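Everything on this sheet refers to the single structure shown next.
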Amino acid sequence: MAVMEEILRTIPHRPPFLFVDEIVELSEDRGICRRTWRAEENFYEGHYPGNPITPGVILCESVLQTGAIYLAKRLEANGVDLTGKTPVLSRIQDARFKRMVKPGDTVEIEAIFKEETRGFNFMRGSVKIDGKAAVTIDFVLALIDERQ
């Protein structure tokens with residue numbers, strides 16, 4: 001659906017800490033992105049050398065970035081001006097790691113909107129390989145003023 005320029009316009013993350021390659025789908029209640037993990041990424045050098053595994057925290061970050069993309073696009077569609085706002089993580093709950101993600105794997109990353117309460121956006125997300133969950137996570141995002 002969207003190329004890298006659209007992602008860079010939507011969230012503040014930049015390489016080497018950008019873990020979404022493309023936006024696949026945005027709907028009323030969810031966003032789906034895709035990422036191919038590259039063998040040359042620096043974290044593989046020290047995370048199980050000789051048998052590299054994508055760190056769980058980085059897989060979670062890819063879900064959070066997908067959630068931030070979804071949230072920004074949802075709010076913009078509803079006429080909210082996001083100038084000066086930054087998406088930040090408020091909570092992670094119930095993160096479960098079910099499969100290893102290796103260099104060369106292409107994953108589908110999903111963030112599903114559950115509810116908004118007082119500016120906190122409750123979401124559920126996953127990273128899937130070939131349709132099977134590698135990671136599932138519940139999380140909360142908020143938009144804060146950049147000056148804070």
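The values are calculated or read from the model by the stated rules, or taken from the named source; none is laboratory data. On a predicted model such as this, the values are computed, not experimentally measured, just so you know. No Cβ is skipped: glycine too gets one built from the backbone with ideal geometry, and neighbour counts run over all protein chains shown.
Scanning region 77-104 for residues that are among the aliphatic types (A, V, I, L, M), over 29 Å from Asp130 (Cβ atoms) and either in contact with a helix residue (DSSP H, G or I) (Cβ under 8 Å, 6 or more places away or on another chain) or in contact (Cβ under 8 Å) with a residue 60 or more places away in the chain (or both) gives a single hit, Leu82.
Among the residues of region 121-140, those that are assigned to a strand (DSSP E or B), out of contact with any helix residue (DSSP H, G or I) (no Cβ under 9 Å at 6 or more places or on another chain) and more than 23 Å from Glu28 (Cβ to Cβ) comprise Ile129, Lys132.
Based on what the data block shows, is Leu143 at pLDDT below 95 and either hydroxyl-bearing (Ser, Thr, Tyr) or crowded, with 16+ Cβ neighbours inside 10 Å (or both)? Answer is yes for this residue. The set of residues from region 66-102 being in contact with an Asp or Glu (Cβ under 7 Å, 6 or more places away or on another chain), in a loop (DSSP other than H, G, I, E, B) and surrounded by 12 or more Cβ atoms within 10 Å (Cβ to Cβ) comprises just one member, Leu82.
Please specify each residue of region 108-120 satisfying the condition of being surrounded by 15 or more Cβ atoms within 10 Å (Cβ to Cβ) and either without any contact (Cβ under 8 Å) to a residue 40 or more places away in the chain or farther than 16 Å from Arg30 by Cα (or both). Within region 108-120, Glu116 is the sole residue that qualifies. Hey, among Ile112, Ile58, which residue is on the phi < 0 side of the Ramachandran plot and in a helix (DSSP H, G or I)? Testing whether each residue is on the phi < 0 side of the Ramachandran plot and in a helix (DSSP H, G or I) leaves just Ile58. Here Ala133 fits the description: out of contact with any Asp or Glu (no Cβ under 6 Å at 6 or more places or on another chain) and under 18 Å from Cys33 (Cβ atoms). Assess whether Val63 counts as being assigned to a loop (DSSP other than H, G, I, E, B), in contact (Cβ under 8 Å) with a residue 60 or more places away in the chain, of a type in the set (Val, Ile, Thr) and surrounded by 17 or more Cβ atoms within 10 Å (Cβ to Cβ). For Val63, the condition - assigned to a loop (DSSP other than H, G, I, E, B), in contact (Cβ under 8 Å) with a residue 60 or more places away in the chain, of a type in the set (Val, Ile, Thr) and surrounded by 17 or more Cβ atoms within 10 Å (Cβ to Cβ) - is not met.
Restricting attention to region 3-36 and to residues that are among the hydroxyl-bearing types (Ser, Thr, Tyr) and not in a strand (DSSP E or B), the residue that is surrounded by the most Cβ atoms within 10 Å (Cβ to Cβ) turns out to be Thr10.
Candidates in region 37-56 are the residues that are polar (S, T, N, Q) and surrounded by fewer than 17 Cβ atoms within 10 Å (Cβ to Cβ); of these, the one that is farthest from the chain's Cα centre (by Cα) is Asn51.
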